[in-house]
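So the structure is just underneath, and the comments pick up after that.
The values are calculated or read from the model by the stated rules, or taken from the named source; none is laboratory data. Since this is a predicted model, take the numbers as computed values, not measurements. Cβ coordinates were reconstructed from backbone atoms using ideal geometry, including for glycine residues, and neighbour counts include every protein chain displayed. Accessible surface areas use protein heavy atoms only, side chains included; no ligands, DNA or RNA. Shrake-Rupley method; radii C 1.70, N 1.55, O 1.52, S 1.80 Å.
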Amino acid sequence: MNVAIIMGSDSDWSIMKSAVQILDKFQIDFEITVASAHRTPEKVRNFVESAQNAGAKIFIAAAGCAAHLAGVVASYTTRPVIGVPISSEPLKGFDALLSTVQMPGGIPVATMAVNGAKNAALFAAEILAINDEILSQRLADYRTNMKAEIDDKDSKIKKAAADCNFKI
């Protein structure tokens, strides 16, 4: 296993599903679980230790509200931890963002944007690609395809505007 994903709640799945899709697209093996930093701290610790023993190189931790999960995960490992703050009421994820990004010196957590699961998986892939030429090429191809998609969208919009006699 290369990536271990831990979510503070099953309600985070609707956001974290995009991370799983990216990992699957790049053929990166992963494990996923739900465990709470506050309600099941021993489960968090056991998952981190077990995942590390199984070969996890990177952890992605997602949580909302008082999002201490990524920091707790980072306290149990020296492997890279990527935090994904999840938007929730009433502060729309700002509380989770601050809880994730404001780590004390010595326990780093890379923090993505609120609901930034897709970028968390891409960042994990980039870290793994440092020592994996095949994965590195897959990432380069992914970016080339993104560029082509934008160029195609640009052409479609210009055509639609021209059809409406708008000057571009």
Answer rounded, prolate or oblate for the stretch 5-131, using the Cα gyration tensor with square roots of eigenvalues a ≥ b ≥ c: rounded when a/c is under 1.5, else prolate when a/b is larger than b/c, else oblate. rounded
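Arrange the peptides 71-79, 147-155 so that the one whose residues have, on average, the most other Cβ atoms within 10 Å appears first.
So the order, starting with the most tightly packed, is 71-79, 147-155.
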Collect residues whose amide H, placed 1.01 Å from N in the peptide plane, falls under 5 Å from the amide H of Gly83; neighbours closer than 5 in sequence don't count. Ala61, Ala110, Thr111, Met112
Mean ellipticity per residue at 222 nm, deg cm²/dmol - from DSSP H runs of n ≥ 4 across the chain, formula -39500 (n - 2.57): -16500 deg cm²/dmol
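Classify the stretch 77-162 from the C-alpha gyration tensor, please: rounded if a/c falls under 1.5, else prolate or oblate depending on whether a/b exceeds b/c. Let's see the in-between values first.
On the way: a/c = 4.31, a/b = 1.39, b/c = 3.09.
Oblate, because a/c is 1.5 or more while a/b does not exceed b/c.
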Carbon + sulfur, % of accessible area of the chain - ligands and nucleic acids excluded, 1.4 Å: 55 percent
Set of lysines with alpha-carbon distance to Lys147 below 26 Å, sequence-local pairs under 8 removed: Lys17, Lys25, Lys118, Lys156, Lys158, Lys159, Lys167
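Leaving out ligands and nucleic acids, note down the accessible area per residue over the chain with a 1.4 angstrom probe, in whole Å². Write down the numbers at each step before the final one.
Details: 9540 Å² over 168 residues.
I get 57 Å² per residue for the chain.
Name the shape class, rounded, prolate or oblate, that the alpha-carbon gyration tensor gives for the stretch 1-73, where a ≥ b ≥ c are the square roots of its eigenvalues, rounded holds for a/c under 1.5, and otherwise prolate holds if a/b is larger than b/c and oblate otherwise.
Numbers: a/c = 2.34, a/b = 1.22, b/c = 1.92.
In terms of gyration-tensor shape, oblate.
Excluding Glu49 itself, what net charge comes from residues whose Cβ is under 12 Å from its Cβ, given Lys and Arg +1 and Asp and Glu -1?
Working: positive: Lys43, Arg45, Arg79; negative: Glu42.
My count for the surroundings of Glu49 gives +2.
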Leu91-Ala161 pseudo-label distance in nm [points 7 Å out on the Cα-to-Cβ vector]: 4.1 nm
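So, R0 is 41 Å and r is the distance between the beta-carbons of Ala140 and Trp13; what FRET efficiency does that work out to, to 0.05? Mind showing how you got there, number by number?
On the way: r = 30 Å, r/R0 = 0.73.
Calculated transfer efficiency: 0.85.
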Between Asp152 and Lys43, what length comes free when the chain is fully extended (0.36 nm per residue of separation minus the Cα-Cα distance, one decimal in nm)? 34.5 nm
